[in-house]
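So the structure is just underneath, and the comments pick up after that.
The values are calculated or read from the model by the stated rules, or taken from the named source; none is laboratory data. Everything numeric in this text was worked out from a predicted model, so none of it was measured. Methodologically, a virtual Cβ is constructed for each residue, glycine included, from the backbone with ideal geometry; neighbour enumeration extends over all protein chains shown. Calculation scope for accessible area: heavy atoms of the full protein, side chains included, ligands and nucleic acids excluded. Shrake-Rupley method; radii C 1.70, N 1.55, O 1.52, S 1.80 Å.
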Amino acid sequence: MVELAEAGPVLVTGDAGAGGGALVDVELMGVCRSDLKEVAGTRGGPGQFGHELVGRVVDSDVPGLAVGARVCLDPNRPVARGSGFADLVRVRGDAGEVRLALPVVPEGVPAERLVFAEPAACAAHCLGAVRRHLGTEVAGRSVHVLGAGIAGVLIAALAERAGARVALRNRSADRVDFLRERGVLPSAAGGAGDRERPDAVVVAASFVVDELLVQALDLVRPGGLVLLYGGTRAGQRLAGLDVDLDAVRRGELRVEAGWRGSPVVLGGSYGTAPRDFATAIEAVADERLGVERLVTRVVRLAELPDVLRELVSGRQLGKVVVRR
């Protein structure tokens with residue numbers, strides 16, 4: 001569980017110990033569902049608290065990463081870093097890994113778009129896993145996404161950009177209504193392709209709960225792909241499906257199985273790769289995608305401890321971002 005302290009006048013996170021690295025002056029931070037899981041103590045796996053950020057390098061001894069470069073953060077690289085919920089964050093370690101951990105983003109693009117680079121990279125990685133597990137491109141294929149949170153919206157958006165026929169579903173109607181009202185991804189939010197059994201169903205809710213997984217398995221065409229993107233717990237299984245779901249997701253495995261007399265493929269998506277950030281940065285920088293319209297609340301860094309406590313116990317539509 002993350003302990004929440006009040007922000008000081010200037011907050012610098014990250015160990016200044018041995019090893020090369022960079023210091024980033026943070027411009028804008030995004031609050032992710034995984035941050036809230038860490039606050040609540042319900043997140044499994046390594047901590048990534050405060051990983052959605054846009055900032056500028058103010059000190060660097062890393063070749064190829066110049067002072068003045070505008071960057072985001074790839075939290076999956078093996079470096080030592082502080083939380084992005086700060087005025088300044090230090091990232092240190094192997095020079096090559098630090099460079100990969102701080103992908104350069106374009107000048108002139110609003111930070112409200114670029115703060116979506118990391119979740120969009122996860123979405124790009126997910127779509128790459130769909131391609132790999134299907135053994136084909138998604139253009140012309142039917143892809144349904146279960147879960148209309150930020151992750152589901154971005155997965156649907158990138159699938160649509162790649163030429164897939166996309167439907168975006170949610171257990172409660174308010175999230176889809178919110179997307180319509182914001183004018184974000186109208187064709188995906190409108191449920192295109194609802195009348196066909198899809199080639200792939202992505203379970204993109206915060207957790208892969210039994211109810212959603214059964215829905216995905218019943219929805220996909222025989223021999224189609226159910227892609228596990230949302231959180232899973234160690235050893236998690238579903239009655240009637242002889243598959244270790246957590247192993248599939250974290251190992252990004254492809255497992256052929258049977259469900260109610262029909263063949264099905266279970267696949268996983270976990271983390272990102274450097275190429276995913278290039279795809280994501282290009283996508284979110286495009287004003288036609290309109291990701292900034294997903295921002296529904298802007299708070300100050302000094303307010304963050306109270307805001308996180310509030311969000312843990314409540315329900316938020318859209319993205320909360322943090323300014324210093």
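Answer with yes or no whether residue 270 is closer than 20 Å to residue 34 by Cα, among the aromatic types (Phe, Trp, Tyr) and either open to solvent by 60 Å² or more (accessible area, probe 1.4 Å) or not assigned by the TED database to the domain that holds residue 138 (or both).
Criteria met by residue 270.
Tally time: how many residues in segment 258-271 are in a loop (DSSP other than H, G, I, E, B) and either of a type in the set (Phe, Trp, Tyr) or within 19 Å of residue 205 (Cβ to Cβ) (or both)?
Final tally of qualifying residues: 3.
Please count how many residues of segment 130-149 are in contact (Cβ under 8 Å) with a residue 12 or more places away in the chain and assigned to a helix (DSSP H, G or I).
Looking only at that region, the number is 4.
In segment 64-84, is there at least one residue being in a helix (DSSP H, G or I), closer than 27 Å to residue 269 by Cβ and within 21 Å of the chain's Cα centre (by Cα)?
No, every residue in segment 64-84 fails to be in a helix (DSSP H, G or I), closer than 27 Å to residue 269 by Cβ and within 21 Å of the chain's Cα centre (by Cα).
Taking segment 240-267 as the search range and keeping residues that are acidic (Asp, Glu) and within 19 Å of the chain's Cα centre (by Cα), which one is most open to solvent (accessible area, probe 1.4 Å)?
Among those residues, the one meeting the criterion is 252.
State which residue is most open to solvent (accessible area, probe 1.4 Å) when the search covers only segment 217-234 and only residues that are of a type outside the set (A, V, I, L, M, F, W, C) and in a loop (DSSP other than H, G, I, E, B).
233
Name every residue in segment 276-300 that is part of a helix (DSSP H, G or I) and surrounded by fewer than 18 Cβ atoms within 10 Å (Cβ to Cβ), in order of residue number.
278, 282, 293
Checking residue 237 against (1) modelled with pLDDT of 95 or more; (2) surrounded by 20 or more Cβ atoms within 10 Å (Cβ to Cβ), which test does it fail?
Going through (1) modelled with pLDDT of 95 or more; (2) surrounded by 20 or more Cβ atoms within 10 Å (Cβ to Cβ) one by one, residue 237 breaks only (2).
Which residue out of 120, 124, 157 is within 22 Å of residue 72 (Cβ to Cβ), at pLDDT below 95 and part of a helix (DSSP H, G or I)?
Sole residue among the options that is within 22 Å of residue 72 (Cβ to Cβ), at pLDDT below 95 and part of a helix (DSSP H, G or I): 157.
Consider only pairs whose beta carbons are under 6 Å apart and that are at least six residues apart or on different chains; among these, list those whose first residue lies in segment 106-129 and is β-branched (Val, Ile, Thr) and whose second residue is open to solvent by 20 Å² or more (accessible area, probe 1.4 Å).
Pairs found: 109/285.
Return the only residue of 232, 272 being in contact with a Leu (Cβ under 6 Å, 6 or more places away or on another chain) and of a type outside the set (A, V, I, L, M).
None of the other options fit; the residue is 232.
If only one of 214, 255, 248 is among the β-branched types (Val, Ile, Thr), in a strand (DSSP E or B) and modelled with pLDDT of 95 or more, which one is it?
Within the list 214, 255, 248, the selection yields 255.
Give 58, 54 a once-over and let me know the one that is outside the structural domain of residue 206 (by the TED database), closer than 26 Å to residue 311 by Cβ and either among the hydroxyl-bearing types (Ser, Thr, Tyr) or out of contact with any Phe, Trp or Tyr (no Cβ under 9 Å at 6 or more places or on another chain) (or both).
54
Out of all the residues in segment 48-59, which are within 17 Å of residue 87 (Cβ to Cβ), out of contact with any Gly (no Cβ under 6 Å at 6 or more places or on another chain) and either open to solvent by 20 Å² or more (accessible area, probe 1.4 Å) or among the hydrophobic types (A, V, I, L, M, F, W, C) (or both)?
If the condition is that a residue be within 17 Å of residue 87 (Cβ to Cβ), out of contact with any Gly (no Cβ under 6 Å at 6 or more places or on another chain) and either open to solvent by 20 Å² or more (accessible area, probe 1.4 Å) or among the hydrophobic types (A, V, I, L, M, F, W, C) (or both), then 49, 54, 56, 57, 58, 59 are the ones that fit.
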